[in-house]
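Colleague: Dumping the structure here so I can ask a few things about it.
Derivation of every value follows stated rules applied to the coordinates shown; laboratory data play no part. In this text, all values refer to a predicted model and were calculated from it rather than measured experimentally. Cβ: placed from backbone, ideal geometry, glycine included. Neighbour counts: every protein chain shown.
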Amino acid sequence: MTGPVNLREVEQAARALLDRVRDDYFAGGAQDEVTVRGNESAFARLALLPRVLTGAGDPSPEVTVLGERVSMPVLLAPTAFHELAHPEGERATARAAAAAGTILISAMLSTVAIEDIAAEARKVSSEHEPPIWFQLYLQPDLGFTEAIVRRAEAAGCRALVVTADSPALGRHERNDRNDFHDLPPGMNCPNLREQAGEVRNVVLSPEISWRHLEWLRETTSLPILVKGVLHPDDARLAADHGADGVIVSNHGGRQLDTTPPSIRLLPRIADAVEGRVPVLLDGGVRRGTDVVKALALGARAVAIGRPVVWGLAYDGEAGVTKVLDLLRREIVNALALCGYADPAAVRRDLVEEVSWR
Ligand code: FNR
């Protein structure tokens, strides 16, 4: 095989192509980036304890997430500003996700309008509508929030992912150092365009509360997932407030620094929700074995953020396809080596905490 053989090599290849400012924007996190590093290293501190002679047969990595049959337990996490990575931006990402048969969680802060992203995904498959979920930052102006929700619904999005970990913007010192605070000329966020034509700025407000989630629950019939849950009590509250799923996430270490690695909190959150709603996880997933560990600890599926952006920067649609293909192959291999064929059957006793030295 030529080219990168795993996600870390895609990252290296992509980062060599990106200029400093964009590389810092994608790779960076909040303040000392303790959580950015912790997300990945936490997976390495978990060991796999495989079962032998199970006769499980060939693994099939397909799973069902909120009624959606997907080709593998990996979704594309919402990440902003794909045109910074590649001129085709989210158009390329949408085609790759649709071709791979998995869910694109499209960011509200995409540089391509949600209608165009959905249209692009449809070009790949005429038989079935490729699944797209829409990530939403609830705006204090509920009229404006509702207008965005209606656009997502009309574009065919099949769920809303409310990002709850952003009552303020995390402090990205790399962006400060690079004086990077605005998109370059020619790029904007068309999902925030008003009817009058003005593109608004996103508002990240500490006034957003569970009451707003209740409002959203009454405003749309789409399934709602709450993303950015870390405290088990908040996972319970999300289910109490009518959420259809939670995503355990620390925003890839880009919001509050020194939050625990998301994988560490997963078992407690899975216990807290007691199967009332599916639990998803993102943060630091780079290997098929990471995915299997998350499944064992209670996740229905995981999402990947930076690896998608790096695939896009490395080779556009083909680069994202490469990332998803590599991960799918690794998941199949990891399941087989663990003695499982079905991702949904993976049990908690597959994971063991170790210190390797
Ligand atoms: C993000 N993430 C994010 N999340 C969100 O809800 N809305 C957003 O607009 C963004 N934007 C964004 C931009 C970039 C460049 C990155 C890297 C991340 C967070 C994302 O959804 C996810 O939680 C993390 O990326 C997961 O961690 P990994 O896979 O990047 O380690």
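Colleague: Could you give the size of the charge dipole of region 7-340 about its Cα centre, using +1 on the Cβ of each K and R and -1 on the Cβ of each D and E, expressed in debye and rounded to the nearest 20?
Modeller: Numbers: 36 positive and 45 negative charges, 177 e Å.
Using only the charged Cβ atoms, the result is roughly 860 debye.
Colleague: Please determine, in degrees from 0 to 90 and to the nearest 10, the orientation of helix 90-100 with respect to the longest principal axis defined by the Cα atoms of the chain, where the helix direction is its Cα long axis.
Modeller: 30 degrees
Colleague: Spin-label point model (7 Å from Cα, Cβ direction): what's the residue 45 to residue 116 distance in nm?
Modeller: Going by the 7 Å Cα→Cβ label model, 4.4 nm.
Colleague: Here's something else I'd like to know. Which order results if 210, 133, 310 are arranged by neighbouring Cβ count within 10 Å, fewest first? Working shown, then result.
Modeller: Values: 210 14, 133 25, 310 30.
Listed from fewest to most nearby Cβ atoms, that is 210, 133, 310.
Colleague: Ok, one more. Sticking with the crude label model, points 7 Å out along Cα→Cβ, report the distance from residue 215 to residue 168 in nm, one decimal please.
Modeller: Calculated label separation equals 2.2 nm.
Colleague: Another question, then. At R0 = 30 Å, how high is the FRET efficiency between residue 199 and residue 233 if r is their beta carbon distance? Nearest 0.05 is fine. Let's see the in-between values first.
Modeller: Working: r = 37 Å, r/R0 = 1.24.
With a Förster radius of 30 Å, E is 0.20.
Colleague: Hey, how many Å between the Cα centroid of region 308-357 and the Cα centroid of region 154-194?
Modeller: 28 Å
Colleague: Whole angstrom only: what separates the Cα centroid of region 49-115 from the Cα centroid of region 253-270?
Modeller: 21 Å
Colleague: To continue, here is another question. Output the Kirkwood hydrodynamic radius of region 7-340, Cα pairs only, in Å rounded to one decimal. Please list the in-between numbers first.
Modeller: Details: mean 1/r = 0.0501 Å⁻¹.
Result for region 7-340, one decimal place: 20.0 Å.
Colleague: Right, next: Report, to the nearest 10°, how far helix 114-124 tilts away from the longest principal axis of the Cα atoms in the chain, using its own Cα long axis and a range of 0 to 90°.
Modeller: Helix 114-124 sits at roughly 50 degrees to that axis.
Colleague: Arranged from highest to lowest average of other beta-carbon atoms within 10 Å per residue, in what order do the peptides 235-241, 81-87, 178-184 appear?
Modeller: Values: 235-241: 19.3, 81-87: 22.1, 178-184: 12.4.
Ranking the peptides 235-241, 81-87, 178-184 by packing returns 81-87, 235-241, 178-184.
Colleague: Taking neighbour counts of Cβ atoms within 10 Å as a proxy for exposure, in what order, fewest first, do 322, 293, 123 appear? Don't jump to the answer; show the numbers that get you there.
Modeller: Values: 322 20, 293 26, 123 13.
Fewest-to-most ranking of 322, 293, 123: 123, 322, 293.
Colleague: Within region 146-240, which GluC sites (Glu not before Pro) sit in a loop by DSSP and count at most 11 neighbouring Cβ atoms inside 10 Å? Spell out each step's value before the answer.
Modeller: Values: sites: 146, 153, 173, 194, 198, 207, 214, 218; in loops: 194, 198, 207.
Listed in order of number, the matching sites are 194, 198, 207.
Colleague: Still on this structure, please answer the following. Report, by chain and number, residues whose modeled amide H sits under 5 Å from the one on residue 303, excluding near sequence neighbours (fewer than 5 apart, same chain).
Modeller: The list, which skips near neighbours in sequence, is 75, 281, 282, 283.
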